[in-house]
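Take a look at the structure below.
Derivation of every value follows stated rules applied to the coordinates shown; laboratory data play no part. Since the model is a prediction, treat every value here as computed from it, not as a measurement. No Cβ is skipped: glycine too gets one built from the backbone with ideal geometry, and neighbour counts run over all protein chains shown.
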Amino acid sequence: MASSGTENSTSDVGTEPDTWLALRCRVSEAKKDLLVSFLFDLGSRGLTEDHPGLDVGDDGPLVSGDPKDWSPDAPPSPDGHVVLTGWFLGSNDPEQLVADTGARMEELLIEGAPTIERVVPTDWNAAWKKDYTAFRLSPRLWIVPTWEDAPASAGNAEVLRIDPGMAFGTGTHFTTAACMRLLDVRLAAHPGQTVLDVGTGTGLLALGGLLLGADRAVGVDTSPPAVDAAIENAAQNNLADRFDVLLGGVDAAPAGRYPIVMANLLAPLLIKLAAQLAGRVAPGGAVIASGLLTRQEQAVTDAFSAVGLVVTDALRNHDWSALVLEPA
Ligand SMILES: C[S@@+](CC[C@H](N)C(=O)[O-])C[C@H]1O[C@@H](n2cnc3c(N)ncnc32)[C@H](O)[C@@H]1O
């Protein structure tokens, strides 16, 4: 069984728990993002995805450099299904998790009863690290885990080394990949800009932006493990002198406006922060926002249009959307 799509979450756990609970569901590939959203709402701290029978090649799942032709998702599994595992803190009640998920099986198109297993954290770390391997994230950028060498197929592309630690931002989730893709296009046209990355996680978007032509980057995150991971990843890539990482929300960023504001946050947070994010965009600049399900797009665009930003570009895949919003 091959795996892909491993992603850590927005953990606020300062130390690792003694055990994790692995809640597994089999679901149709095309419908899995609804289940992803549900598992995060239920309290999942991370997700892994197993594709029965799928052999992901050396180049990873990315197939094309053309923005409109490009998909950060793994190719479909031969049988059209994936096994999605939600990772919950061991302090949760396993029976309750199974019951809550079981109650939504029909709506979420889960096939077969969900199962749950208690796992020690070291096993979990080893398991997901094994499946996190080098891949091309955007036309000009490869992601390479810190414990691997860059593959020859990376050629002349920029290489960003990432160790996600306990933070969200491996690049394997559509929302991160779509943000990076939109950022790549924007920086190719206008290099030398400063990027503000709100909810920086591992720092992947800000650091990728620096490799692709941004002059400086500022990352803010309310999660201490994310701040630690971003600082460590900046050092790993010799980018610390151009990347300021701060603990906190939008207000933690140095005063002023930025040509590019990244915000890969969930829809309710995007809506809540719309005015604050709009207030940080320089004239002629843009917010690149994701973390929203496509069915939440209208509510998010309404919130931004109320503060003077309109959608000028978008990438969508299955149920997720990433938007470029610019002053009207
Ligand atoms: C979905 S992750 C995005 C991580 C990374 N930027 C990426 O695109 O993969 C969202 C991040 O936002 C952080 N976060 C949540 N609420 C926040 C807030 N109000 N202000 C700043 N960061 C926040 C979380 O801790 C998490 O690291």
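Structure summary
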item: Relative exposure of THR133, THR48, judged by other C-beta atoms within 10 Å (fewest first); result: THR133, THR48
item: Placed amide H near VAL281: partners under 5 Å, 5+ positions off or other chain; result: TYR258
item: Where labels lie 7 Å past Cα in the beta-carbon direction, separation of ASP302 and ASP251 in nm; result: 2.7 nm
item: Net charge over other residues, Cβ less than 13 angstrom from the Cβ of PHE243 (K, R count +1; D, E count -1); result: -4
item: Residue-by-residue Karplus 3J(HN,Hα) for region 296-313, coefficients 6.51, -1.76, 1.60, Hz, glycine and proline x; result: 9, 4, 4, 5, 5, 5, 4, 5, 6, 5, 5, 10, x, 10, 10, 6, 10, 7
